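To start, the structure itself, in structure tokens.
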Number of protein chains: 2
Amino acid sequence: MTTAISLAGPDDLDRVVSLMERFHEERGQPFDDTHRRKAAGPLLDGSPLGAIWLIGPTRAPLGYVLVSFGWSVNRAGMEGWVNEVFIRPNVRRRGIGTEVLHAVTVALSQNGLRALHVRVDRDDANAQRFCDRVGFEARPNLLVMTDTL
Amino acid sequence: MTTAISLAGPDDLDRVVSLMERFHEERGQPFDDTHRRKAAGPLLDGSPLGAIWLIGPTRAPLGYVLVSFGWSVNRAGMEGWVNEVFIRPNVRRRGIGTEVLHAVTVALSQNGLRALHVRVDRDDANAQRFCDRVGFEARPNLLVMTDTL
């Protein structure tokens, strides 16, 4: 089975926002559509800071993947952070997520990205297992510290 | 005491590379000048993926701060990662690092950044203390996983 992915553009805003709503609801994240439009809009409009891929048929997508981009001094090149991965509940457990993350990884690698990171909860064994299967390696020694501005 | 910071541009490449060499040497990082030019050049040339500030007099800087930029869905806006902070050994222990990181934080906040992150080693109590003093909060539950492309 091969599930196509396609880079989402400005015309996909409503579709993306509607999928994000499902994702945020499922995770209990308190964002509204205004927030989602502000978060997704710039990436769909071509911001160099990230990209969104739709999974499956673009008119009725099965989900999406949102990656933000950054710069790595150690790698002297671009790196990415997988921010959100959503697959509609009725098509889960078929390996689509794994397949799609592989496809995104290949696309980003061909575009010169040196590494892809993901932040998961230390207690979320499911997310860690999924990321591990896709090729991500845990870096338990690394501590993230944050200053909210 | 106030230590000025100034955004480094294309003309500062040699100065930045020379400071980075000291930083990488001190930390035992095996990068050469070719790597450093590739890592710093795009940021000095105006890449939206990051910025470098020189500390003190630009002709004879006391150090530098390198921040990479990214996109946060949760914050619906830009965020940054402090990648490197270097202060010349002979002017350390005067609070310059703290002061300079505050100045960078203010500058980035005025430019709309929502958060600043830093990755430190879990065993590096000094780095954690420094970051804590500057206003960063440890997020021990967050696990980073990486896929090198």
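Note: relative contact order over the stretch B:16-149, using C-alpha pairs below 8 Å and six or more positions apart, is 16 percent. Reported to the nearest whole Å, the Cα centre-to-centre distance from the stretch A:35-79 to the stretch B:23-78 is 23. 3J(HN,Hα) couplings calculated from phi for the stretch B:26-33 with the Karplus curve 6.51 cos²θ - 1.76 cosθ + 1.60 (θ = phi - 60°) are, in sequence order, 4, 8, x, 8, x, 8, 10, 5 Hz; Gly and Pro show x.
Note on A:Thr34 and A:Arg59: the model spin-label points, each 7 Å out from Cα along the C-beta direction, lie 3.4 nm apart. Counting only Cα atoms, the protein assembly as shown measures 62, 36, 36 Å along its principal axes, largest extent leading. With Rh defined as the Kirkwood radius, the inverse of the mean 1/r over Cα pairs, the Rg/Rh of the stretch A:38-81 is 1.09. Across the stretch A:44-56, computed HN-Hα scalar couplings (Karplus, 6.51 cos²θ - 1.76 cosθ + 1.60, θ = phi - 60°) run 6, 7, x, 3, x, 8, x, 8, 10, 10, 8, 9, x Hz from first to last residue, x flagging Gly and Pro.
With label points defined 7 Å past Cα in the direction of Cβ, position B:Pro30 shows copy-to-copy spacings of 4.9 nm, given to one decimal and shortest first.
Result for chain A in a Gaussian network model with C-alpha springs under 10 Å: among A:Asp45, A:Asp11, A:Asp124, the largest mean-square fluctuation is at A:Asp124. A label point on B:Arg59, set 7 Å along the Cα-to-Cβ line, lies at 6.8 nm from each of its counterparts in the other copies, closest listed first. Backbone geometry of the stretch B:63-76 corresponds, through the Karplus equation with coefficients 6.51, -1.76 and 1.60 at θ = phi - 60°, to 3J(HN,Hα) couplings of x, 8, 10, 10, 10, 9, 10, x, 10, 10, 5, 4, 9, 6 Hz, x marking Gly and Pro. Taking every DSSP helix (H) stretch of at least 4 residues in chain A, weighting each as -39,500 (n - 2.57) and dividing the sum by the residue count yields a mean residue ellipticity at 222 nm of -11000 deg cm²/dmol. Peptide B:6-17 has a mean shielding of 0, counted as Cβ atoms of other protein chains within 10 Å of each residue's Cβ. Throw me the Rg/Rh for the stretch A:5-134, computed over C-alpha atoms with Kirkwood Rh, two decimals. Computed over Cα atoms, the ratio is 0.94. Computed over neighbours whose Cβ is under 14 Å from that of A:Val91, the net charge equals +4, Lys and Arg +1, Asp and Glu -1. Other residues with beta-carbon under 9 Å from the beta-carbon of B:Pro61 carry, at +1 per Lys or Arg and -1 per Asp or Glu, a net charge of +2. For B:Arg119, the point set 7 Å out from Cα toward Cβ sits 1.2 nm from its twins in the other copies, listed from shortest up.
Each reported figure results from applying straightforward, stated rules to the coordinates on display, with no laboratory input. Computed from a predicted structure; not experimentally measured. Using ideal geometry, Cβ is built from the backbone for each residue, glycine included, and neighbour counts are taken over all protein chains shown.
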